[in-house]
Amino acid sequence: MMRGLLVAALALLSACVPQLRGTGDLGVVVERADGRVLVVESTNSTALATVSGLGDLSHAALVYSRDARYAFVFGRDGGLTKVDILTGSIAGRVVQSGNSIGGAVSQDGSLVAVANYTPGGIKVFDTATLAPVADIPAIGADGKPSKVIGIADLPGRKFIYTLYDAGEIWIADLTDPAKPAVTKFTGIGKLPYDALITGDGRWYLAGLFGEDGIALLDLWNQDKGVRRILDHYGKGAVALPVFKMPHLRGWAVAGNEVWLPAIGHHQVLVVDKTSWKETARVEVAGQPVFVMARPDGRQIWVNFAVPDYNVIQVIDVPSRRVIKTLEPGKAILHMEFTPRGERVWLSARDSDKVVVYDTETLEQVAELPASKPSGIFFTSRAHKTGL
C-alpha cells in the first residue's frame, strides 16, 4: 500500500512540474483584431498558447528580451506589454503613451525603448520591472513635436530613430539613463517613413515618402553626416497612388546587396552595399510592402499592397528574376523566416490563418488557424541588431 501511495504521489508531482524547453524555436503571432497573441513553435508548426489583454494591436510590433523568454509588445494604444512566452502569460504592462509604433531593446538587454506617434518621442523602461527610465520628447528643429519611426538598437546603450514630421535622425545615448545624450542629424529629407539598420550595426537607411530617395548614415563615420542615395529613382515614370506604406524592416540585405521597395512603382530596387548605387530593378506584381531576404541571402520574398495583397513573389537573387508567384490566402500582411531559413511563415489576415512554406520546394507544408493575424516574430530576433 505504501509503495502504491508513493508511486501515485510521484505521478502527481510529475504532472504538476511544467515541461522544460528552450525558446530557440518559439515565436509570436499577433492576432490584431482581438488584442491577443499566439505563442507558436516552428519545429512542428504548432500553436502552444494564447495570451489576451494586450490592448489595441492594429499595428503591433514586438522585440525580445536578451534571453528570448519575454516578448515586449508595442500597441497602438500606447501599451507596452511584457509577455512570458514560456508560461503564456503577461509579466507586466504599462500604457505609456497615446499611440506607439515600435521599439527596441538595448544591446545589454537592460533597457526597452518605445517609439511614439503621440505625443512623439521615445520613452525608455527597465526590461526587468518596466519602471520608467527616460523620456525624450521629439521636438524637431522647427520647434514642433514629431512622430517617431524606424527605431533600432545600436552597440552600447544607444538607440537610433527618425522623426517623421521633422525629417531628422536622432541617436540617444543612455549610458547614463538619468542624463541621455542626443545626437541630431537634421534636414535628411521629406517624411522619412521607415528605416533599417544593417546587421553589423554600421549603416542606417531611412526611406523617404515625401520624395524619391534614401537617407543613409554611416554610423562608423558619423562626422560625415547623412548622405542621399537613390535620388530621383522614379524620374521619368508616373508614380502610382500608394495604398500601403512600404516597410524597410524586412531585412532585405543579401550578401553585398540591399533590396528595397520602390515607392509608387511595381519594382524592387537592388543597391550595391559598397558603392550604394543602384545596380538593377526587378519588375514585380504590385507595389511592394515587405521585401525580405531569406537568411542565406539566396531568395527575396515580396508581399504587396492592395489590390495585389493576396500575392507573394519569390525572387532568385543570382538571376534577379521572379521564380514563383504564390497566392497563400487573403491579405498577406507579414512574413517571417525560421532562423535558418528552411521555412517561411505568412500571415493571411482575411483568411484567418497562418500559412507555412518550404523555401526550397516553394510548397505549403503547414497551416494554423489564427484570428486576423498580422505580425509574426521568431525569437531569433533577440540576437540580431535592429530586430
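Listed by first and then second residue, the pairs with beta-carbon distance under 7 Å, at least 6 apart or on different chains, first residue in the stretch 263-277 and part of a strand (DSSP E or B), second among the hydroxyl-bearing types (S, T, Y), are L269/Y233; V270/T279; V271/T279; D272/T279.
Name every residue in the stretch 171-188 that is over 20 Å from L387 (Cβ atoms), buried (at least 18 other Cβ atoms within 10 Å of the Cβ) and under 23 Å from the mean Cα position of the chain (by Cα), in order of residue number. Passing the criteria: only I188. Taking the criterion of being within 15 Å of S65 (Cα to Cα), in contact with a Gly (Cβ under 9 Å, 6 or more places away or on another chain) and not charged (D, E, K, R), the residues of the stretch 87-116 that qualify are I90, G102, A104, S106, Q107, V112, A113, V114. Restricting attention to the stretch 356-378, the residues being of a type outside the set (F, W, Y), touching a Ser or Thr at 6+ places or on another chain (Cβ under 8 Å) and under 26 Å from D316 (Cβ atoms) number 4. Taken together, the criteria place P177 among residues that are touching a strand residue (DSSP E or B) at 6+ places or on another chain (Cβ under 7 Å) and in contact (Cβ under 8 Å) with a residue 24 or more places away in the chain. The number of residues in the stretch 56-95 that are part of a strand (DSSP E or B), surrounded by fewer than 18 Cβ atoms within 10 Å (Cβ to Cβ) and of a type outside the set (G, A, S) comes to 5. Which one of these is surrounded by fewer than 22 Cβ atoms within 10 Å (Cβ to Cβ) and part of a strand (DSSP E or B): V322, V291? Testing whether each residue is surrounded by fewer than 22 Cβ atoms within 10 Å (Cβ to Cβ) and part of a strand (DSSP E or B) leaves just V322.
Of all residues in the stretch 364-385, none satisfies being of a type outside the set (A, V, I, L, M), over 20 Å from the mean Cα position of the chain (by Cα) and under 18 Å from Q287 (Cα atoms). The set of residues in the stretch 274-296 that are more than 15 Å from V314 (Cβ to Cβ) and not hydrophobic (A, V, I, L, M, F, W, C) comprises T274, S275, K277, E278, T279, R281, Q287.
Only one residue in L191, L196, L217, L205 is at pLDDT 95 or above and either within 23 Å of the chain's Cα centre (by Cα) or loosely packed, with under 13 Cβ neighbours inside 10 Å (or both). Which one? Full working, then the answer.
Details: L191 fails: at pLDDT 95 or above; L196 fails: at pLDDT 95 or above; L205 fails: at pLDDT 95 or above.
Answer to the check: L217.
Close contacts from the stretch 28-52, counting a first residue that is at positive phi and a second that is in a strand (DSSP E or B), with Cβ to Cβ under 6 Å and a gap of 6+ residues or different chains, come to S45/V356; S45/A366.
Say whether the condition of being crowded, with 22+ Cβ neighbours inside 10 Å, at pLDDT 95 or above and among the β-branched types (V, I, T) is met by at least one residue in the stretch 5-28. Quick ask: steps written out before the conclusion?
The first filter runs over the stretch 5-28 and keeps only residues crowded, with 22+ Cβ neighbours inside 10 Å, leaving 26-28.
From what's left, at pLDDT 95 or above: 26-28.
So of that shortlist, the ones also among the β-branched types (V, I, T) come out as 28.
Yes, the conditions are met somewhere in the stretch 5-28.
A count restricted to the stretch 300-319 and to residues that are in contact with a Phe, Trp or Tyr (Cβ under 6 Å, 6 or more places away or on another chain) and either more than 18 Å from I263 (Cβ to Cβ) or surrounded by 19 or more Cβ atoms within 10 Å (Cβ to Cβ) (or both) stands at 4. Residue count for the stretch 292-346 under the criterion of being more than 17 Å from the chain's Cα centre (by Cα) and of a type in the set (A, V, I, L, M, F, W, C): the result is 11. The set of residues in the stretch 190-207 that are in a strand (DSSP E or B) and more than 14 Å from R227 (Cα to Cα) comprises Y193, D194, A195, L196, I197. Checking each residue in the stretch 208-224 for being over 16 Å from A166 (Cβ atoms), of a type outside the set (F, W, Y) and assigned to a loop (DSSP other than H, G, I, E, B) picks out D212, G213, L219, N221. Which residues, counting only those in the stretch 114-133, are modelled with pLDDT of 95 or more and surrounded by fewer than 18 Cβ atoms within 10 Å (Cβ to Cβ)? Residues satisfying the conditions are D126, A128, T129, A131, P132.
Restricted to the stretch 29-65, and to residues there that are closer than 26 Å to R93 by Cβ and of a type in the set (S, T, N, Q), the residue that is modelled with the lowest pLDDT is S58.
For (1) outside any loop (DSSP other than H, G, I, E, B); (2) in contact with a Leu (Cβ under 8 Å, 6 or more places away or on another chain), each residue gets a yes or a no:
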{"position": "Y117", "(1), (2)": "yes, no"}
{"position": "V124", "(1), (2)": "yes, yes"}
{"position": "L130", "(1), (2)": "no, yes"}
{"position": "A141", "(1), (2)": "no, no"}
{"position": "A152", "(1), (2)": "yes, yes"}
{"position": "G156", "(1), (2)": "no, no"}
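The values are calculated or read from the model by the stated rules, or taken from the named source; none is laboratory data. The shown structure was predicted, so the numbers you read here are calculated from the model rather than taken from an experiment. Here the Cβ is made from the backbone with ideal geometry for all residues, glycine too, and neighbour counts use every protein chain on show.
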